[in-house]
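A short write-up of the structure that comes next.
The values are calculated or read from the model by the stated rules, or taken from the named source; none is laboratory data. What you are looking at is a predicted structure, and each value in this text was computed from that prediction instead of being measured. Using ideal geometry, Cβ is built from the backbone for each residue, glycine included, and neighbour counts are taken over all protein chains shown. What goes into the accessible areas is simple: the full protein's heavy atoms, side chains included, and nothing from ligands, DNA or RNA. Shrake-Rupley method; radii C 1.70, N 1.55, O 1.52, S 1.80 Å.
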Amino acid sequence: MIEKTAAALRANLIDKNSPVYIPEGKECFFPSHKNIIDAFRAAKTALFVNLFAHKKLNDSAARKETARLLKKCRALLVTEIQNTLCLFSKDNKFCGRTKNAAQKTADKFIATLPEIQKVLLSDIKAAYDGDPAASDPYQILLCYPGLRAICYQRMAHFFYKEGVQIIPRIITEYAHSRTGIDIHPGAEIGKSFFIDHGTGVVIGETAVIGHNVKIYQGVTLGAKSFPLDKHGNPIKGVKRHPNVGNNVTIYANATILGAINIKSGAVIGANSWVTRDIK
């Protein structure tokens, strides 16, 4: 019975009519969830090493620990980026070209981390300034789900822009599972972004959010409808989510749908349903 079931399961996966058809020789190239999560957790710790290291670190020790974490992150990412490149290539074997490309992308990510860190520091300040319940800025980083979600999304967004498949979505869905906040890695989000409470927030792939924006729990920046091709399937890669200007506040459970514009300085009330421009 076991052998028969195993054979049937295998046959289903290699059936060319299956939506997850696995070409022969590609099985080993699927990226590892564990390795990707470990890589991004190492990067997150490196960004705020003195807060997450759980040990006393002087300046020299902090630099060494940060370097160790970055090396771990890079090694894991090179392997998983290369897996992804090979998965979607026509070649079934690892090659120098994909390894070089993976190394370059990982190195570019590491080099970008100081800028990502600066933006996250602006997010922490925005949360501290915007939440009277926050007794200190450390609490924002250590406790707030919104900061955790945006930290992983900002890192994932780098890989999305680089055209790396699967990896950015794995890490934002990991953040989603831990926080209840669903931010697509493709969303473009400005500085000083604060998600208060956070549970149930959804931000779609083509959403663009300006600087100094504050949103509350249950807010959706979603798509109103999907343009279809001649076969009735959704057309991918088109703009379908809102643009939100600077200094906007969106209160709890507001739903904003479609490729519309919300003007800078706007305040969207709780439980609103918005499908037209706010000018």
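What does the highest-first list of 22-31, 146-155, 104-113, 177-186 look like by mean Cβ count within 10 Å? Numbers along the way, then the final one.
On the way: 22-31: 13.6, 146-155: 24.0, 104-113: 16.4, 177-186: 19.6.
In descending order of packing, they fall as 146-155, 177-186, 104-113, 22-31.
Run the accessible area of the range 1-133 with a 1.4 Å probe and give the carbon-and-sulfur part as a rounded percent.
Working: 4840 of 8360 Å².
Roughly 58 percent, rounded to a whole number.
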Q. So which aspartates and glutamates pass the test for Lys34, namely a Cα distance under 14 Å, with those fewer than 8 places away in the same chain ruled out?
A. Glu80, Glu173
Q | Rounded accessible area per residue of the chain, 1.4 Å, Å² | A | 54 Å²
Q. Mind checking the log10 I(q)/I(0) for the range 212-256 at q = 0.16, 0.22, 0.27 Å⁻¹? Debye, one equal scatterer per Cα, no solvent, two decimals.
A. -0.55, -0.78, -0.96
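Ignoring ligands, DNA and RNA, what percent of the 1.4 Å accessible area of the range 169-224 is carbon and sulfur? Mind dumping the intermediate values first?
On the way: 900 of 1940 Å².
The value for the range 169-224 is 46 percent carbon and sulfur by accessible area.
What shape does the range 167-279 take by its C-alpha gyration tensor, where a ≥ b ≥ c are the square roots of the eigenvalues and a/c under 1.5 counts as rounded, a/b above b/c as prolate, and the rest as oblate? All intermediate terms of the calculation are to be shown ahead of the outcome.
Working: a/c = 1.71, a/b = 1.18, b/c = 1.45.
Since a/c reaches 1.5 but b/c is at least a/b, the shape of the range 167-279 is classed as oblate.
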**Q.** Calculated semi-axes √(5λ) of the Cα gyration tensor in Å (choose from (i) 34, 28, 16; (ii) 28, 24, 20; (iii) 30, 22, 17), label
**A.** (i)
Q | Label point distance in nm, Asn247-Lys104, each placed 7 Å from Cα along Cα→Cβ | A | 4.2 nm
Q) When every alpha-carbon pair in the range 46-113 is counted, what percent end up more than 19 Å apart? A) 44 percent
Q.
Can you give the local net charge around Ala67? Use residues other than it whose beta-carbon is closer than 15 angstrom to its beta-carbon, Lys and Arg +1, Asp and Glu -1.
A. +3
Q: Run down the lysines and flag those whose C-alpha is under 17 Å from the C-alpha of Lys236, throwing out any fewer than 8 positions away in its chain.
A: Lys161, Lys224
Q.
Among Asn246, Asn12, Asn261, which one shows the highest mean-square fluctuation when the chain is modelled as a Gaussian network with alpha-carbon springs under 10 Å?
A. Asn12
Q | the chain, helix-only ellipticity at 222 nm - DSSP H runs n ≥ 4, -39,500 (n - 2.57), divided by all residues, nearest 500 | A | -16000 deg cm²/dmol
